[in-house]
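**Student:** Mind having a look at this structure? Questions to follow.
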Amino acid sequence: MKFLVDSSLGRLSTWLRILGYDTIYWRGAADRSFLRKAEKEGRVVLTRRKDVLARQQPGIVLFVENDRVEDQLVEVLGKLNLTPLPEAFFTICLQCNISLREVLGDDVRSRIPDYVYQTQQEFRLCPGCGRIYWPGTHRERAMKTIARLIESKPGDKPQAMNHKQQDE
C-alpha cells in the first residue's frame, strides 16, 4: 500500500516509511493537484483536513482523527487492516522515500565515523539523497515503539533492530 500524506501529518509519514510503506509527504496545499497525484499513483490519502475529506475523490481518503503520532499510526493501520512486515522495516529512506540498497562498509568507509565502521557490519545507502544508515540506538528505540504499537501474535514479535543515520 502506498500513501500520500498532507503537510499536517509529517511525523506520521516518517513512521510509515520506517515500517516500509512508500509514503510521499506533500508539503504544498492539499488541493486538486494533491488529490490527482494520489489518484494517478494509486495512493491512499491521509489527511487531518475535513475539507479534503469532503471532496469527491476516487480511491481512499482517510481522515486521521488522532493528534499524537503513535495514535495516528495505530489508527491508520487499524482502519486499513494493515499488518506491517518486519522484513520491510527500515528499507526506505526516511528523508526522500526511496528504497535503500545494501552496501559494504568499505564502500562507505570515508563517509562514516571510525567507530561505526569498526563496530557495524550492516550498511544501507539511499541512492537518492546519499544518506547512509546502519544499526544503532535510533533503530532500537523505534523497534520498541513499533512493538508497543503493533499488536503481534505471540511468537511473532518483530526482532529488535537498531537504526541510525549518518547526519543525526
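**Student:** Please enumerate the residues belonging to the stretch 1-20 that are hydroxyl-bearing (Ser, Thr, Tyr) and buried (at least 21 other Cβ atoms within 10 Å of the Cβ).
**Tutor:** Residue satisfying the conditions is SER13 alone.
**Student:** Same structure, new question: Which of the residues that make up the stretch 123-148 are closer than 15 Å to GLU87 by Cα and modelled with pLDDT of 95 or more?
**Tutor:** ARG124, the sole residue that qualifies.
**Student:** Of the residues PHE89, PHE34, which is in the same structural domain as LEU12 (by TED's automatic domain parsing) and surrounded by 12 or more Cβ atoms within 10 Å (Cβ to Cβ)?
**Tutor:** PHE34
**Student:** Shifting gears a bit: Of all the residues that make up the stretch 10-45, how many are in contact with a Lys or Arg (Cβ under 6 Å, 6 or more places away or on another chain) and in contact (Cβ under 8 Å) with a residue 60 or more places away in the chain?
**Tutor:** 2
**Student:** Among helices (runs of 4 or more DSSP H) lying entirely in the stretch 34-122, which contain 2 or more residues that are β-branched (Val, Ile, Thr) and closer than 20 Å to ARG148 by Cβ?
**Tutor:** Where helices (runs of 4 or more DSSP H) fall fully within the stretch 34-122 and carry at least 2 residues being β-branched (Val, Ile, Thr) and closer than 20 Å to ARG148 by Cβ, they are 69-79.
The values are calculated or read from the model by the stated rules, or taken from the named source; none is laboratory data. None of these values were measured; they are calculated from a predicted model. Note that each Cβ is placed from the backbone with ideal geometry, even for glycine, and that neighbours are counted across all protein chains shown.
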